[in-house]
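Values quoted throughout were computed directly from the atomic coordinates according to the rules given, and no laboratory measurement underlies them. Computed from a predicted model, the values in this text were never measured in an experiment. Note that we place each Cβ from the backbone using ideal geometry, even for glycine, and neighbour counts take in every protein chain shown.
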């Protein structure tokens, strides 16, 4: 009897492996069985096969929170190391916050030349969703994937607070869950978060709708035009100074104002949900 | 061993909060004649043997690609140590944003 069971188990295992492969193929190929994927449950299955690489450089701090945000949103976090030669079949990439290489030379300047960045730059140009948070944003500007630069806060102090943002572009793959002009709140913590770009670049950013988030209520670090986050022309690469990954779970997010002190603000998870929704749409999952 | 000096300064139009803090400290310690300060970076790159033109080319490349960020900084000197303004590529020569 036990032999029969183990045979059945083997068969089930093979079936599961096949199913997994089919899911990946489907997401990759953009084809899907529409009848099978109508329900929300099936969406979860597809979401779980979306691989989101979270890159760790020496000195990266927020990779675990970023990976947790990916898991809570329903996708699969894949740990990536700065020295890796491949992106391990990632479908999207998050460059997490921290102080890569101790912020030596300039923030993000050394990380930009890490081996994995070559692959990320290629992937970004190929349209893969890339999210750079805080130090990740700094790395993306140093890598010239995003325009402008981040300089020391005008008041010279490190900031750590809950920050209101205004959504200025809800059409990117990382922000489609938001409404235009919506006010959201996520944590902000940085020493060098003052966004700078020359006049011509700012004009281009405005014209091409690349300013995705502006600080709302106050300008915490002297950023030009209250800019908190920008995307590339295609919209697949987004960098922002505030930290969505720290506001993803009720009870452990930011104060949402409804019941003070309960920290139920989870606007951060909507970044990841946006990307998942976008990818499912692209894969033809309804 | 030759040494090439690369100097990088924040662009004129960019606010330099470190410089501002330095002026504040100088004034507080009694040096009131200083009304402005800007803080930059100096790199000393050591090469094998005497400094050649090709070494200087490499240093210029390093200055543009890694040692400075053209959005906020300006390379103001790439030249052999001790030979300021002579023989090397000093000032803004050949350095573009």
Contact order normalised by length for the range B:2-90, with contacts defined as Cα pairs under 8 Å and 6 or more residues apart; what percent is it?
43
From the square roots a ≥ b ≥ c of the eigenvalues of the alpha-carbon gyration tensor of the range A:32-282, which class results: rounded (a/c under 1.5), prolate (a/b over b/c), or oblate?
rounded
The range A:88-130 residues near the modelled residue B:18 label - backbone nitrogen below 16 Å, point 7 Å along Cα→Cβ
A:102-110
Enter the Cα centre distance for the pair the range A:100-159 and the range A:207-275, rounded to the nearest angstrom.
17
From a point 7 Å beyond the Cα of residue A:204 in the direction of its Cβ, which residues of the range A:111-138 have a backbone N at a distance under 20 Å?
A:121-128, A:130, A:132, A:137-138
Using mean Cβ contacts within 10 Å as the protection proxy, how do A:68-76, B:9-17 order, highest first?
A:68-76, B:9-17
In whole percent, what relative contact order does the range A:166-286 give with Cα contacts below 8 Å and a gap of six or more residues?
29
Order by protection proxy (mean Cβ within 10 Å, highest first), peptides A:82-94, A:45-57:
A:45-57, A:82-94
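Expressed as a rounded percentage, what relative contact order does the range A:72-212 have, with Cα pairs under 8 Å and six or more residues apart?
Working: 200 pairs, mean separation 29.0, N = 141.
So the answer I get is 21 percent.
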Is there a simple number for the mean count of other chain Cβ atoms within 10 Å of the Cβ of residues in B:69-79, and what is it?
4
